1. Which numbered condition in (1) among the aromatic types (F, W, Y); (2) closer than 28 Å to G6 by Cα; (3) touching a residue at least 40 places away in the same chain (Cβ under 8 Å); (4) not in a loop (DSSP other than H, G, I, E, B) is the only one that F51 fails?
2. Hey, among the residues in region 144-175 that are at pLDDT 95 or above and part of a loop (DSSP other than H, G, I, E, B), which one's nearest to E81 (Cα to Cα)?
3. Within the set of pairs 6 or more residues apart or between chains, which connect a residue that is over 19 Å from N177 (Cβ atoms) and free of Cβ contacts under 8 Å to residues at least 60 places away in the same chain inside region 116-138 to a residue that is basic (K, R) and assigned to a helix (DSSP H, G or I) with Cβ atoms less than 7 Å apart?
4. Keeping to region 126-153, report how many residues are under 17 Å from D90 (Cβ atoms) and in contact with a Lys or Arg (Cβ under 9 Å, 6 or more places away or on another chain).
5. In contact with a strand residue (DSSP E or B) (Cβ under 9 Å, 6 or more places away or on another chain), of a type in the set (A, V, I, L, M) and in a helix (DSSP H, G or I), is that true of M82?
6. How many residues are within 20 Å of the chain's Cα centre (by Cα), closer than 16 Å to I156 by Cβ and surrounded by fewer than 13 Cβ atoms within 10 Å (Cβ to Cβ) when one looks only at region 90-118?
7. When region 66-80 is examined, which residues are found to be without any contact (Cβ under 8 Å) to a residue 60 or more places away in the chain and either more than 17 Å from K5 (Cβ to Cβ) or under 21 Å from the mean Cα position of the chain (by Cα) (or both)?
8. Could you tell me which numbered condition F185 fails, if it satisfies all but one of (1) in a helix (DSSP H, G or I); (2) at pLDDT below 95; (3) surrounded by fewer than 16 Cβ atoms within 10 Å (Cβ to Cβ)?
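The values are calculated or read from the model by the stated rules, or taken from the named source; none is laboratory data. Predicted, not measured: the structure shown is a model, and the values here were computed from it. Ideal geometry is used to build each Cβ from the backbone, glycine not excepted, and the neighbour counts take in all protein chains shown.
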Amino acid sequence: MLHLKGVEYEVVKEPLRKWTEWMKDWSEKTGERPRVPVLREVSSDGTETIFVESNDINFMLDVTHDKQAYTPERESSVYQEMLDWFSWCDDIFKHQIDRFKYGENLQFDENAHIKDTVVLYRMVEKLETVLQKDDYLLENRLTLADIAVIPFVRQIMRTREGEFDFTDFPRTELWTNNMLKADWFESIVMQKHPVQL
């Protein structure tokens, strides 16, 4: 979203469980567990503001920088649909993808994996049904809903060298591939950044 909104920024990699000193200090001060993404904004007077959670960060950036290009009109049914996609993605979809990738409690089991794949298959069907109507999840344009969901579908595609079969989900596969080839995704999300401490 920073790239899409033309905001200057610096990327600092946070290696999992080898957190930078800043992340450790922030976690101790706030009582928050270390996590990514975290957006740290430092004003000209040195005041620091921290934003957490991808959807909240994206929404804040969209609202505060220029017009709301990726957020549906507030009070509209489409705006509520966007919030529903956020909740579904965070509370349901992400957890099932983790089960598909790692197994319950990080214990991979072949028999449980078969069931987990079936459940995930049904969730991808939800995307396929919506994408039958349009090229995007909501309005006929990129919105925060697409930006929220795409990283998770990408995870499915990359798990165990593409083990998940998208044959029955051609619209979802097309939507995903188009998003992954977009300038904002290829040049920013996929760009390798040096670790900065």
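1. All conditions pass for F51, except number (3).
2. Among them, the one singled out is F169.
3. Here the result reads D116/R99, each pair linking region 116-138 to a residue that is basic (K, R) and assigned to a helix (DSSP H, G or I).
4. 2
5. Details: in contact with a strand residue (DSSP E or B) (Cβ under 9 Å, 6 or more places away or on another chain): no; of a type in the set (A, V, I, L, M): yes; in a helix (DSSP H, G or I): yes.
No: the conditions fail for M82.
6. 1
7. Filtering region 66-80 for residues without any contact (Cβ under 8 Å) to a residue 60 or more places away in the chain gives 67-68, 73-77, 79-80.
Residues satisfying the conditions are Q68, E73, R74, E75, S76, S77, Y79, Q80.
8. Condition (3) is where F185 drops out.
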